[in-house]
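What follows is a single structure, written as structure tokens, with notes after it.
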Amino acid sequence: MRATASEKSMYPDNWSASYCQFYSFAAALVKPLLDLIELDSPGIPIIGPASDHDAKADDLESFARPLLMVMHWLPLAEQLNDVQIQSDVRKAKEWYIKGIEIGTDSSHECYWGTSRNIHQMQVEMGLLAVILPMNEGYAYELLPESAKASLLKWMATGRRCGMHRNNHIFFGLFIIEFLAWAGAAVPGDDALIDFYFNQLESMYLDQGWFIDGMNETVDHYNAYAFHYYGLWWSLLYGHKNAMRKARWMYWGKEFLKSYTKLISEDGDYPLFGRSLTYRFNVLAPIGLAELLEVNPISSGAARRLCRLNLEYFLKRPIYQSQNCLAIGYVDNNEGMAETYSCGASPYWAAKGFSFLSLPPEHPFWHAEEEPIPSEKDDSVAIIEQAGFVMRNFGGRSELLNAGVAVALCNTRFGPFKWSKLAYRSGVGTLLPRPDQIPLDLGLVATAEDGSEYGRYMTTPVVLSDNCAVSSYCLGSKNDLFHLSVYTMVFWNQGWLFIVHVGEAYQRCQLSQGSFAIAEEYPIEPKVFDQQFAAIGSDSSILMSQNISGYEGLQHECSAADSPREHSHGRHHQLLLSISELSQAGPFTLASICGEGRSSSYRIPWECTRSIAGELVMMHPEVGEWCIQHEMLPALNLETVGKSTKTL
């Protein structure tokens, strides 16, 4: 999307074509919000589900999150020579000022109410505390003095509230910092700030990555929260503590060295963890890292990464009936809502527009685009403390997960958002349901009584350039079922070789799922009588091949009338390798799961050698794949079917 000659005439002379383009992205997202503004109510009435908080919290959320999007756009829109845009500017300012006046007025029926312990009100209040001082206090200075006084009185109710011991601590921290910035500090504030930072910094792992406190997860919240807020603090308040600022800037730079690998050449990323409806929130630290000069990739690569990611989403049907951002990922899909999601929740994505805080003369807007990490040679990054390996191959990105889990107290989020063996760009994932374990990319045990058990607490054993090994049990604290296993995953381009070695203490069925690919229409299930199968279209070919221990393959498809279960499409299909353990005891299972876009994925591998510590396979188009590892057992190749012809 480039500015036309007529559009260029309304922009200031110092705006580059790239600056105009990114401004237009923001303007297109702001326009539907302005159309919905009601001046007698702070919140924007965005259609969507209600959260599990309360109506007041949802109302504040429907003000604060859209406001972040508006405040990235507004200072730039003010500069444009266009009558309609200036009318929109006046409308946006009036809504914002009236919203603050009404929402913080305890006598008004639309009063947001005070903040409270462990409540979403503290989160949205904390976001306002970030918005108000950014860009040299632009938003705060728009307010009349009476509104400022009311705002500060209301904001002070968040000064001492308890918060979840995770990224939420940032919100209390920013509330106190903002109050001090606005001249409303009280004794004890500095001690609270130090305490909050000590709590947050205790969550640091290594290589720029944080564990999200009591959630015990490591995921995209590193970009959404830890490095977004850490770098904003460095910009706004870093002068107060130079050592702390240097620390967070260093962590931000270290983080982006590996995290930028997750954006594929298409602009998407692996769907790992929760809150994936925030879409381009993954860009949140990029602009701030540019401002602080700690971005490990060049300005040209950074702008290309942002553009690819934004275009990936903005060209897709990610809007609901009001043309606002919908819950979902590639489209409108309320199945991706979290329990804490409401209609305005997707506007956390506005954090991704932090690059609009960069001045027009910044190199980000003028440097020639350069390849992003996924467009360069195939590579691997090992994140030891997190327990995962990130790799790029053929322009795509993948996260191999050997150690990330979710705390038992937060399994309500859906533990299988973190516990599959691999998450790959361009494929998507099956969505967790309260009563159903997703079958893709994980070992699932089905007991004799029909109970199912999946992996959600794991320990990394080995992380290397070509292998990830994890150790875990399948079972529940509520019954006696128990299965102990270590899983080895090796990779070669788009193929994963997966080995499970373990001991079952009860009879059960074990299944190892392939990736699940999205389909627009329901697929008729096929019956496979061989140990190799390839399905899907040329845009995404899916294959599974049993190597040892499995009895056969099953084709899993969504029924025509079944609820949607896939992040990327109304329907889906995948392949399952099945093993029936007729008695308790040791087992070894081995299979290959592949997904790619070339015809080579329709051709099986041939095993030519298997001894303890080594396996050699051949492919007529790819060549030899030699796997060597001391934990690799000798495989009994006679335990699979004799035919390996393509179906």
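Would you confirm, using the coordinates I've provided, whether LEU480 is more than 24 Å from LEU276 (Cα to Cα), crowded, with 23+ Cβ neighbours inside 10 Å and without any contact (Cβ under 8 Å) to a residue 60 or more places away in the chain?
Taking the combined requirement at face value, the residue does not satisfy it.
Which of the residues spanning region 369-404 are assigned to a loop (DSSP other than H, G, I, E, B) and surrounded by fewer than 22 Cβ atoms within 10 Å (Cβ to Cβ)?
GLU369, GLU370, PRO371, LYS376, ASP377, ASP378, GLU384, GLN385, GLY394, GLY395, listed by residue number.
Is it the case, given these coordinates, that TRP95 is closer than 16 Å to ILE131 by Cα, open to solvent by less than 50 Å² (accessible area, probe 1.4 Å), of a type in the set (Phe, Trp, Tyr) and modelled with pLDDT of 95 or more?
Values: closer than 16 Å to ILE131 by Cα: yes; open to solvent by less than 50 Å² (accessible area, probe 1.4 Å): yes; of a type in the set (Phe, Trp, Tyr): yes; modelled with pLDDT of 95 or more: yes.
When the stated conditions are applied, TRP95 passes them.
In region 583-597, what residues are modelled with pLDDT of 95 or more and open to solvent by 60 Å² or more (accessible area, probe 1.4 Å)?
PRO586
Within region 347-361, count every residue that is in a loop (DSSP other than H, G, I, E, B) and of a type outside the set (A, V, I, L, M).
Taking region 347-361 and keeping what is in a loop (DSSP other than H, G, I, E, B), we get 358-361.
Now narrow it down to the ones that are of a type outside the set (A, V, I, L, M): 359-361.
Total satisfying the criteria: 3.
Show me the helices (runs of 4 or more DSSP H) entirely contained within region 30-141 in which 3 or more residues are touching a Lys or Arg at 6+ places or on another chain (Cβ under 8 Å) and either within 23 Å of ALA337 (Cβ to Cβ) or among the aliphatic types (A, V, I, L, M) (or both).
120-131
Within region 408-459, can you find the residues that are touching a Gly at 6+ places or on another chain (Cβ under 8 Å), part of a strand (DSSP E or B) and either more than 30 Å from ILE541 (Cα to Cα) or without any contact (Cβ under 8 Å) to a residue 60 or more places away in the chain (or both)?
TYR453, THR459
Listed residues ALA156, ALA223; which is at pLDDT 95 or above, in a helix (DSSP H, G or I) and within 18 Å of the chain's Cα centre (by Cα)? First the steps, then the outcome.
On the way: ALA156 fails: within 18 Å of the chain's Cα centre (by Cα).
Result: ALA223 is the single residue among ALA156, ALA223 that is at pLDDT 95 or above, in a helix (DSSP H, G or I) and within 18 Å of the chain's Cα centre (by Cα).
Only one of ASN281, ASN295 is modelled with pLDDT of 95 or more and within 23 Å of LYS420 (Cβ to Cβ). Can you tell me which?
ASN281
Condition test on ARG507, is it farther than 19 Å from VAL406 by Cα, open to solvent by less than 10 Å² (accessible area, probe 1.4 Å) and basic (Lys, Arg)?
Here the answer is no, as ARG507 does not meet what is asked.
Give region 512-534 a look and list any residue that's open to solvent by 10 Å² or more (accessible area, probe 1.4 Å), in a strand (DSSP E or B) and of a type outside the set (D, E, K, R), or say none.
ALA518, ALA534
For every residue, the table says whether it meets (1) within 13 Å of ASN546 (Cα to Cα); (2) touching a Leu at 6+ places or on another chain (Cβ under 9 Å); (3) of a type in the set (D, E, K, R); (4) at pLDDT 95 or above.
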site	(1), (2), (3), (4)
LEU615	no, yes, no, yes
VAL622	no, no, no, yes
CYS626	no, yes, no, yes
LEU632	no, yes, no, yes
LEU635	yes, yes, no, yes
GLU638	yes, no, yes, no
LYS642	yes, no, yes, no
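Is there a residue in region 408-416 that is closer than 18 Å to TYR221 by Cα, surrounded by 23 or more Cβ atoms within 10 Å (Cβ to Cβ) and modelled with pLDDT under 95?
Among the residues of region 408-416, at least one is closer than 18 Å to TYR221 by Cα, surrounded by 23 or more Cβ atoms within 10 Å (Cβ to Cβ) and modelled with pLDDT under 95, which makes the answer yes.
Report whether or not GLU216 is among the acidic types (Asp, Glu), in contact (Cβ under 8 Å) with a residue 12 or more places away in the chain, in contact with a Lys or Arg (Cβ under 9 Å, 6 or more places away or on another chain) and open to solvent by 10 Å² or more (accessible area, probe 1.4 Å). Full working, then the answer.
Numbers: among the acidic types (Asp, Glu): yes; in contact (Cβ under 8 Å) with a residue 12 or more places away in the chain: yes; in contact with a Lys or Arg (Cβ under 9 Å, 6 or more places away or on another chain): no; open to solvent by 10 Å² or more (accessible area, probe 1.4 Å): yes.
No.
If you scan region 546-573, which residues turn out to be in contact with a helix residue (DSSP H, G or I) (Cβ under 6 Å, 6 or more places away or on another chain) and surrounded by 20 or more Cβ atoms within 10 Å (Cβ to Cβ)?
Selection gives SER548, GLY549.
Under 6 Å between Cβ atoms, at least 6 apart or on separate chains: pull out the pairs that start in region 593-621 with a residue that is in contact (Cβ under 8 Å) with a residue 60 or more places away in the chain and within 20 Å of SER514 (Cβ to Cβ) and end on any residue that is of a type in the set (S, T, N, Q) and open to solvent by 10 Å² or more (accessible area, probe 1.4 Å).
Note: pairs meeting the criteria are ARG602/THR646; PRO604/THR644.
(1) open to solvent by 10 Å² or more (accessible area, probe 1.4 Å); (2) within 20 Å of ALA445 (Cα to Cα); (3) not small (Gly, Ala, Ser): which one isn't true of THR608, the others all being true?
(2)
Which condition number does PHE171 fail, the rest of (1) surrounded by fewer than 23 Cβ atoms within 10 Å (Cβ to Cβ); (2) part of a helix (DSSP H, G or I) being met?
Unmet for PHE171, out of (1) surrounded by fewer than 23 Cβ atoms within 10 Å (Cβ to Cβ); (2) part of a helix (DSSP H, G or I): (1).
Report yes if some residue within region 355-369 is more than 16 Å from the chain's Cα centre (by Cα) and closer than 30 Å to PRO563 by Cβ; otherwise report no.
No, there is no match, as no residue in region 355-369 is more than 16 Å from the chain's Cα centre (by Cα) and closer than 30 Å to PRO563 by Cβ.
Considering only region 145-165, how many residues are touching a residue at least 24 places away in the same chain (Cβ under 8 Å) and open to solvent by 10 Å² or more (accessible area, probe 1.4 Å)?
Total meeting the criteria: 14.
The values are calculated or read from the model by the stated rules, or taken from the named source; none is laboratory data. Everything numeric here is computed off the predicted structure, so don't read it as measured data. Positions of Cβ are backbone-derived with ideal geometry, glycine not excepted, and every protein chain shown enters the neighbour counts. Please note that ligands, DNA and RNA were not included when accessible areas were found on the heavy atoms of the full protein model with its side chains. Shrake-Rupley method; radii C 1.70, N 1.55, O 1.52, S 1.80 Å.
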